[in-house]
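The values are calculated or read from the model by the stated rules, or taken from the named source; none is laboratory data. Quick caveat, the model's predicted, so the values are computed rather than measured. Glycine gets a Cβ as well: all are built from the backbone with ideal geometry, and neighbour counts include every protein chain shown.
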Amino acid sequence: MSFFDRFRKKKPPTEDSEQTTVPRGHRVVVHAAPVEPSVQSTTGNVVIAGFGVAGDDPERELTYVLGALDAALREPAGPALVVHVNRELRISELFAPADPEVVQFHAPVHWVFHQGSVAAMTADSRRLQALLRTMHRLRTTANPPISQAVYIVDPPGPQTLPFARLVRGVGIPVKQPDDRDGGLVVLIEVERPEGIVLCVHAGRDYPDDAPFDPYAHTCNEARDRAEAAGDAALVEHLAAEERAGLAGRIAAPEAAPAVLRAHRLGRIILALERDEPGALEALCAELLARAAPLYMMREPDTGAIEVRVYGDAGRALPAFTDLLCLERASRDMGLPRDAFEIGVIHPYQLLAMAADGGLGVAICTYRDDTPVYAVLSGERVQAMTAVVP
């Protein structure tokens, strides 16, 4: 499966490679790993908290997801009827009049980490700590306790495996989405004519032969005791110790992770389009300080980059804020996927390349379905590269 295929619309799941016939009065709803950060309460009363694919603003997105999850769990909801089986289940076994064994849960939570989001969320031990703390508290202090499962799209690696072991140490199962039909399914719900909704956790256990890591569980229990005793100084001390321990458990990525969504940079470009005060200065500062890469279309055989003309700003090197933006632009231009190679470049390297050629740079994002370019003239690029070694 190609990189971009993982984000295209998928066909519904099949049974033995044949479409399942849904009887009259039934409805099958397939929930896939969300590409954007989101929190959704399903018809069957399951809460899906997804971090989307990797972005350039993980702090903001973590705050959003945790806040939206807290709000969702405060909403009154009936029980989720989760089908309880220890074998592979066919969807047809959920249609009436079948009577599968179910377990009732109050607002079970599916945490979903799409491509690159584990690396983004664990790159800072404060983010990882906040995430594990929330999982722990939902499991131990919510009334009633919240059943949880974590889904990881990325294959086992130096960031995902330590994270999965910490999560399992907190007492939460870790799974991979069901990708047998080319999708990334985390939950299937069957609405039946008698008015009930049966929920099925999709996927399989995350592959890992190592034991779980109890570190986060131990740290959180110690913090619980300190909070119960009202010892704020001890709470802060324990939290600092935990962050140091977490930082040593997750391997640093060998390179900056791929950015599939660059919402922070996109917001700055859109502010520049609206001619907001300070937007140009903010864009220049972001590009000079930015660790996340930009993306370019290169000629497959030579690696050359097409120079384009952008009105009064003149000739410039085009680049894209993120991979999804590049894909959309290629579709808009009618380019087949084999017409270009994806080039990855650090923002300062792009500026230096443009400066050497006496060119500007044009960075593309999207406003809804409209491409928006932030164009920096050759003169501005020369000035920017002159102040950074």
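Among the criteria (1) assigned to a loop (DSSP other than H, G, I, E, B); (2) surrounded by 20 or more Cβ atoms within 10 Å (Cβ to Cβ), the one P76 does not fulfil is (2).
The set of residues from the range 284-294 being over 24 Å from the mean Cα position of the chain (by Cα) and surrounded by 15 or more Cβ atoms within 10 Å (Cβ to Cβ) comprises just one member, C284.
If the condition is being surrounded by fewer than 19 Cβ atoms within 10 Å (Cβ to Cβ), of a type in the set (D, E, K, R), in contact with a strand residue (DSSP E or B) (Cβ under 6 Å, 6 or more places away or on another chain) and within 24 Å of C284 (Cβ to Cβ), then the range 311-351 contributes only R315.
Here the condition is being surrounded by 13 or more Cβ atoms within 10 Å (Cβ to Cβ), touching a Ser or Thr at 6+ places or on another chain (Cβ under 7 Å) and part of a loop (DSSP other than H, G, I, E, B); of I269, I250, it holds for I250 alone. Restricting attention to the range 36-59, which residues are in contact with a helix residue (DSSP H, G or I) (Cβ under 6 Å, 6 or more places away or on another chain), of a type in the set (G, A, S) and assigned to a loop (DSSP other than H, G, I, E, B)? Hit for the range 36-59 is A54, nothing else.
Filtered by the rule that a residue be hydrophobic (A, V, I, L, M, F, W, C) and closer than 30 Å to E101 by Cα, the range 189-225 gives V190, I196, V197, L198, C199, V200, A202, F212. Screening C284 on (1) part of a helix (DSSP H, G or I); (2) out of contact with any strand residue (DSSP E or B) (no Cβ under 9 Å at 6 or more places or on another chain) shows it passes everything except condition (2).
Selection of first residues in the range 295-310 that are surrounded by 15 or more Cβ atoms within 10 Å (Cβ to Cβ) and of second residues that are of a type in the set (D, E), restricted to Cβ pairs under 7 Å at least 6 apart or on distinct chains, gives the following pairs, ordered by first then second residue: Y295/D322; R298/E341.
Look at the range 149-158 and say how many of its residues are crowded, with 22+ Cβ neighbours inside 10 Å and not aliphatic (A, V, I, L, M). Looking only at that region, the number is 1. Taken together, the residues in the range 214-234 that are surrounded by 15 or more Cβ atoms within 10 Å (Cβ to Cβ) and either aromatic (F, W, Y) or within 27 Å of A107 (Cβ to Cβ) (or both) amount to 8. In the range 99-116, what residues are within 11 Å of I152 (Cα to Cα) and either of a type outside the set (F, W, Y) or part of a helix (DSSP H, G or I) (or both)? Within the range 99-116, H110, V112, H114, Q115, G116 qualify. Pairs are defined by a Cβ separation below 8 Å, a sequence spacing of at least 6 or placement on different chains, a first member in the range 91-110 that is farther than 16 Å from V30 by Cα, and a second member that is among the basic types (K, R) and in a loop (DSSP other than H, G, I, E, B); the pairs so defined are A96/R192.
A quick yes/no check of all residues on (1) of a type in the set (A, V, I, L, M); (2) surrounded by 13 or more Cβ atoms within 10 Å (Cβ to Cβ); (3) out of contact with any Cys (no Cβ under 9 Å at 6 or more places or on another chain); (4) at pLDDT below 95:
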| position | (1), (2), (3), (4) |
| --- | --- |
| G195 | no, no, yes, yes |
| C199 | no, yes, yes, no |
| A210 | yes, no, yes, yes |
| E236 | no, no, yes, no |
| G245 | no, yes, no, no |
